[in-house]
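Structure first, commentary second.
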């Protein structure tokens, strides 16, 4: 018997949950003309793997992401891409659909879902690097409806 604390990664369902979440997200990316242009690779598989490994590590899973890629440096890695309010909204829309699917498939605890969604919204806003003339903010669109 282990006295090690249970991590959010484990509480969320571990690798199967994150694999479902990220795979569904990238299905949405592939179908979205704005988001798809941000991925220079023809195959989204490597991007899918990087996001999955990053999220697993962030939430207390294996440290494989850092072993393979070093420090995440998210803002630096996203700097070459124009991420404005509209792109952020599309990213969040795709991620919301993916999270709803993964939550249902893996019976995710609603408290953990809220914690994960709060992180994802914050990360999406942090990656926004291009101002838009519209001056709109999608924050209210992406509050958790639960």
Restricting to region 52-72, name every residue that is at pLDDT 95 or above and within 16 Å of the chain's Cα centre (by Cα). 52, 53, 54, 55, 56, 57, 58, 59, 60, 61
Answer yes or no as to whether residue 65 is touching a residue at least 12 places away in the same chain (Cβ under 8 Å) and in contact with a helix residue (DSSP H, G or I) (Cβ under 6 Å, 6 or more places away or on another chain). yes
Checking residue 81 against (1) within 29 Å of residue 132 (Cα to Cα); (2) modelled with pLDDT of 75 or more, only one condition comes out false. Which one? (2)
The condition of being closer than 23 Å to residue 125 by Cβ and modelled with pLDDT of 95 or more holds, among 75, 24, 36, only for 24
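The values are calculated or read from the model by the stated rules, or taken from the named source; none is laboratory data. Predicted, not measured: the structure shown is a model, and the values here were computed from it. So basically every Cβ, Gly included, is an ideal-geometry build from the backbone, and we count neighbours across all protein chains shown.
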